[in-house]
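As structure tokens, the structure follows; a few thoughts come after it.
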Amino acid sequence: MPTTTLDGHQVRVDDEGFLADPGEWSEELAPVLAAQIGITLTGAHWDAIRFLRDDFRVQGQTATLRRIATVGGIPVKTLFELFPQKPAKKLAYIAGLPKPHGCV
Amino acid sequence: MTTVTTVAPAIIPSFDDVGQQGRKLAIICSKGSLDMAYPGLIIANAALGEGVETHLFFTFWGFDIITKNTMADLKMTMLGNPATHLPQGLGGLPGMTALATSRLRRAISLLDVPDVPEFLDQIVDSGGHLWACRMSADMNHLTSEDLYDGVEAIISASDFIDKTNGAQLLFI
């Protein structure tokens, strides 16, 4: 498992760069991860991140966009605006979680 | 003596892979049964989630997927489908299409996959483009009023080919 240093934070990551252990994530790390992929976090980003973290804690897997929309109440359109192009993966990355496995 | 410290480059996912930029996908949906509607919608949704510009063209029986009167009521039949692994003769019995349809609907909803109208909403919200086939509209005497609101326009096959210049194409 490779280790990488992001802005002074040392974390273990998988081959793609996603955090290997969601437990190594912290609220201080989120803006650092976001900055790596060109995103500056706002309150709206945080709503999505917190939902994803809370949902992961209960479900044991990363929510898909549909789940974030239907259960988390954040519309799909908004997610595409906040995390352009690849919202599910970008959000998972910033939240320190694995990529979602669901198809829809 | 100087000490040289090499700093390894940070490992960051390549979300903006240059090879992926400008990638387009065109999906032609020509079938109107429930089981043949989903593959196109699922792949479109997945492509959009990967940042791929996605266009769907609904034609012939596929028109049912975007026609307000039929879109929520697509059906599945066992007839002509050996993948149900049941005797084909059963499929012709009264009520079997309704049974097969309700089974499939339940299986889909158990996976938390939306029904067709809601799936179209999600595709449009994700930036997908829906196009209706001119000839199919004319054959069925339908206008834009009869179609799902997210359909951008009724266009000819050649217009669709024009709009999807350079796209990868999927015919379903």
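Since every read-out is calculated from the coordinates, none of them should be taken as a lab result. Predicted, not measured: the structure shown is a model, and the values here were computed from it. Here the Cβ is made from the backbone with ideal geometry for all residues, glycine too, and neighbour counts use every protein chain on show.
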>> Residues of region B:96-136 with backbone nitrogen within less than 14 Å of a virtual label 7 Å along the Cα-to-Cβ line of B:Lys24, please, listed as ranges.
In response: B:129-131
> Cα-based count: Lys pairs in the protein assembly as shown below 17 Å, eight or more positions apart or different chains?
Replying inline: 10
> What angle do you read, to the nearest 10 degrees and between 0 and 90, between the alpha-carbon axis of helix A:43-59 and the longest principal axis of chain A?
Replying inline: 90 degrees
> In whole Å, what are the Cα extents of the protein assembly as shown along the three principal axes, biggest one first?
Replying inline: 85, 41, 34
> Taking springs between alpha-carbon atoms closer than 10 angstrom, which of A:Ala20, A:Ala44, A:Ala69 fluctuates most in the Gaussian network model of chain A?
Replying inline: A:Ala44
> Can you pull the Rg over Rh of chain B, Cα-only, Kirkwood?
Replying inline: 1.16
> Shape call for region A:27-94 from the C-alpha gyration tensor, a ≥ b ≥ c root eigenvalues: rounded (a/c under 1.5), prolate (a/b greater than b/c) or oblate?
Replying inline: oblate
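Suppose every Lys and Arg Cβ carries +1 and every Asp and Glu Cβ carries -1, with no other charges. What dipole size does region A:5-104 come out with about its Cα centre, to the nearest 20 debye?
Here region A:5-104 has a charge dipole of around 460 debye.
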> Angle between the Cα long axis of helix B:34-49 and the longest principal axis of chain B, 0 to 90 degrees, nearest 10?
Replying inline: 20 degrees
> When chain B is treated as a GNM, springs tying every alpha-carbon pair under 10 Å, which of B:Pro39, B:Pro117, B:Pro94 comes out with the largest mean-square fluctuation?
Replying inline: B:Pro94
> If you build a Gaussian network model of chain B, linking Cα atoms that sit under 10 Å apart, which residue out of B:Leu90, B:Leu74, B:Leu25 swings the most?
Replying inline: B:Leu90
